[in-house]
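Undergrad: One structure coming up, written as C-alpha cells, with questions to follow.
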C-alpha cells in the first residue's frame, strides 16, 4: 500500500483536467464570496434589502439563461417537472433563506461578523449527515462544539462595536437554510447541466425574495432617486460576480467535488470579509470578533480536515 511518505514507483500521474477546474472554481468562491458581504452592506445602505436581493438574482438568472440560449439553443433550458421542483426548493433555501437572511442580518451586524457566522455552515452539514445515520467521528464532534463556542462569543453584544443579538439570530437561521439547501442538492434530481440548474435556482430564489420584500412593505416611502451610486455599483458587482460567477461556480462544485472540500470556503471567506470590512468600511475588529471568529474557524478546520480523510 502506498503512503504519503512512500510514493508509488513509476511515472508521476498527470493532473486530471477536472481537478484544475475544481480548484479554479474554489478560488472564485473563496475570493469573490469573501467580498460580497461588504458589497451587500453597501447595497442596502440605500436600497430595500429583500427587493435588491430579489432583483439581483432574478436579473442574474435571466442573463445566464439568455447566454445559455445564445450558445446552446433554447432546448438547453428544457427540464422535467421533478427537476423544476428540485431547483425551486434548492433555490429558495440557498438564496431566499440563506442569502436573504444574511442581507437582513447585515442591517444590524457588520459584514465581517456576518461572514464569520456563515462559517458555521460546514458544522450544520455535519449535523445533517449525522441525522441521516452517518455517525461523525470524535474529532468532528469536537469541531462542532468548538465552532458553537465561537458562535456564543460572537453572539454576545459588546457595545456599539459588537453585533446585536437579533442580527446574529437572523444570520444563524440563514446558515441553517443554506446548509439544508447544500445538503439536499446532492440528494435531489437536478438538471445535469449545473448552469441550467443555476438559472432556475436563481429565478426561484429571486422571485421569492421579491414577494417577501413586497409583502413586508419595503416600497413604502422608498424613492428610486434616493439610491446612491455606491449602492448601484455594489448591486452590479453582486449580480455579475457574486451571482453569475461565484454562485454558478458553487453549484458546479456541489455536483463535481466532495461536499467537505466545497465547504472549505467557509473559513476563507471570513478572513477576506473581515479585512475588507476594516479597510473599506472602518468596521471595528474587536476582541470578541477576533476570539469568536478564530474559534469558529478552528472548529470548521477540525471538521473539514477530518471529513476529507473519509
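The values are calculated or read from the model by the stated rules, or taken from the named source; none is laboratory data. Model, not experiment: these values are computed from the prediction. Reconstructed Cβ throughout: ideal geometry from the backbone, glycine too, with neighbour counts over all protein chains shown.
Undergrad: Checking residue 143 against (1) more than 25 Å from residue 295 (Cβ to Cβ); (2) touching a helix residue (DSSP H, G or I) at 6+ places or on another chain (Cβ under 7 Å), which test does it fail?
TA: (1)
Undergrad: Would you check if there is a residue in the range 109-125 being out of contact with any strand residue (DSSP E or B) (no Cβ under 7 Å at 6 or more places or on another chain), surrounded by 24 or more Cβ atoms within 10 Å (Cβ to Cβ), at pLDDT below 75 and in a helix (DSSP H, G or I)?
TA: Looking for residues that are out of contact with any strand residue (DSSP E or B) (no Cβ under 7 Å at 6 or more places or on another chain), surrounded by 24 or more Cβ atoms within 10 Å (Cβ to Cβ), at pLDDT below 75 and in a helix (DSSP H, G or I), one finds none in the range 109-125, hence no.
Undergrad: Let me ask something additional. For the range 233-280, which residues satisfy the criterion of being touching a helix residue (DSSP H, G or I) at 6+ places or on another chain (Cβ under 6 Å) and not in a helix (DSSP H, G or I)?
TA: Hits for the range 233-280 are 257, 268.
Undergrad: Tell me the residue from 173, 162, 147, 167 that is surrounded by 14 or more Cβ atoms within 10 Å (Cβ to Cβ), at pLDDT below 80 and not in a loop (DSSP other than H, G, I, E, B), please.
TA: That would be 147, the only listed residue that is surrounded by 14 or more Cβ atoms within 10 Å (Cβ to Cβ), at pLDDT below 80 and not in a loop (DSSP other than H, G, I, E, B).
Undergrad: Hey, among the residues in the range 177-192 that are surrounded by fewer than 19 Cβ atoms within 10 Å (Cβ to Cβ) and touching a helix residue (DSSP H, G or I) at 6+ places or on another chain (Cβ under 7 Å), which one's modelled with the lowest pLDDT?
TA: Per the stated criteria, the residue is 186.
Undergrad: Quick one: residue 37 ticks every box in (1) modelled with pLDDT of 90 or more; (2) surrounded by 22 or more Cβ atoms within 10 Å (Cβ to Cβ); (3) not in a helix (DSSP H, G or I) except a single one, so which number is it?
TA: In the conditions (1) modelled with pLDDT of 90 or more; (2) surrounded by 22 or more Cβ atoms within 10 Å (Cβ to Cβ); (3) not in a helix (DSSP H, G or I), residue 37 misses (3) alone.
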